[in-house]
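The structure under discussion appears below in the form of structure tokens.
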Amino acid sequence: MMNASRSIASRVPALLLAALIILAPLFRSGKIPLATLLLELLAVAAFLALWWSSERRLVLGRLEVFLLAALAVFPLLQLLPLPGLSPLDLPGQADYFMASQAAGVDRGATTLSIIPRETLSGWLVLLVPIAVYLLTRATSVRSLQKLVTLMLVVAALQAMLGLMQFGSSPSTVFYLGYEYGTGSAVGTYTSRNNFAGFLYLSLMLSLALFMATLGRQTGRTQQGGSLRERIQYYATADGHRAFMYGAIALLL
């Protein structure tokens, strides 16, 4: 019973990472409020899962703990009240303070943040990449390899959707109910730039895996081997993987 519970606990980081890989692009790249809330809840679930599994606490080194803590704490320093100071004394806040006064908006205590609510919202979103880093460190290499494959599958599906959107009218079904500029390829993202960035990242990864997989065959024979040996290689499992990575890279 204890071994079964440990086995389930060891799979939780990989399952949470898989959920983030699938849901982050699917729900408008986490930009709409509901999607942002979902990703933040997954991040909190990740922290709880890592804390619950005591054996995972020893994964990080001291430098990693320090850098992650600094990353998480730094935005909160901008929310600390500064007694004795006025927004007029802080750089970049004078115009916003005068506009708030003219609109009758009470800003409360003076802080380094111009809009404390937005800073707090940004800090909550920051929990997602921190959770991804911790989950990655707590996941086995074999599981990470499967997650990389999952990411490439998601990227391929996004690329195919983008190809169908390209040249289509905004009212087409391929935009999934959202209106974008005519002929834009955005996948399920809210921004063409974010969509392109995801495809660029996946393209570099697929090309690297393609070359690394081909390199295994080249390393076994001198100068890449004969034509017959190359054909035989493509009939192996490594050959199939190389073909898959090459096809995904071509699609991206």
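The values are calculated or read from the model by the stated rules, or taken from the named source; none is laboratory data. It should be emphasised that the depicted structure is a prediction, and the values quoted were computed from it without experimental measurement. Virtual Cβ from ideal backbone geometry, glycine too; neighbours counted across all protein chains shown. Heavy atoms of the whole protein, side chains included, go into the accessibility calculation; ligands, DNA and RNA do not. Shrake-Rupley method; radii C 1.70, N 1.55, O 1.52, S 1.80 Å.
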note = Quick calc, Tyr200 & Met164: beta-carbon distance into FRET formula, R0 35 Å, rounding 0.05, result 0.95
Estimated inter-spin distance, Phe174 and Arg62, nm [label 7 Å along Cα→Cβ] = 5.6 nm
request  = Note down the Stokes-Einstein diffusion coefficient of the range 44-118 in µm²/s, whole number, using a Kirkwood radius over alpha carbon pairs, 10 °C, and 1.306 mPa s.
outcome  = 103 µm²/s
ask   = How much length is gained on full extension from Glu118 to Val153, taking 0.36 nm per residue of separation minus their Cα-Cα distance?
value = 9.2 nm
request  = Might you tell me the accessible area per residue for the range 80-183, computed with a 1.4 Å probe and given in Å²?
outcome  = 61 Å²
inquiry  = Run the Debye formula on the Cα coordinates of the range 91-179, all scatterers equal and no solvent, and tell me log10 I(q)/I(0) at q = 0.15, 0.19 1/Å.
reply    = -0.84, -0.91
key: Using θ = phi - 60° and Karplus 6.51 cos²θ - 1.76 cosθ + 1.60, couplings along the range 15-22 (whole Hz; Gly, Pro as x)   = 5, 5, 5, 4, 4, 5, 4, 7
key: Cβ-Cβ FRET estimate between Ala103 and Gln78, R0 fixed at 22 Å, reported to 0.05   = 0.45
task = At most 13 other Cβ atoms within 10 Å and a DSSP loop assignment: could you name the chymotrypsin sites (Phe, Trp or Tyr not before Pro) in the range 97-192 that fit?
result = Phe166, Tyr178
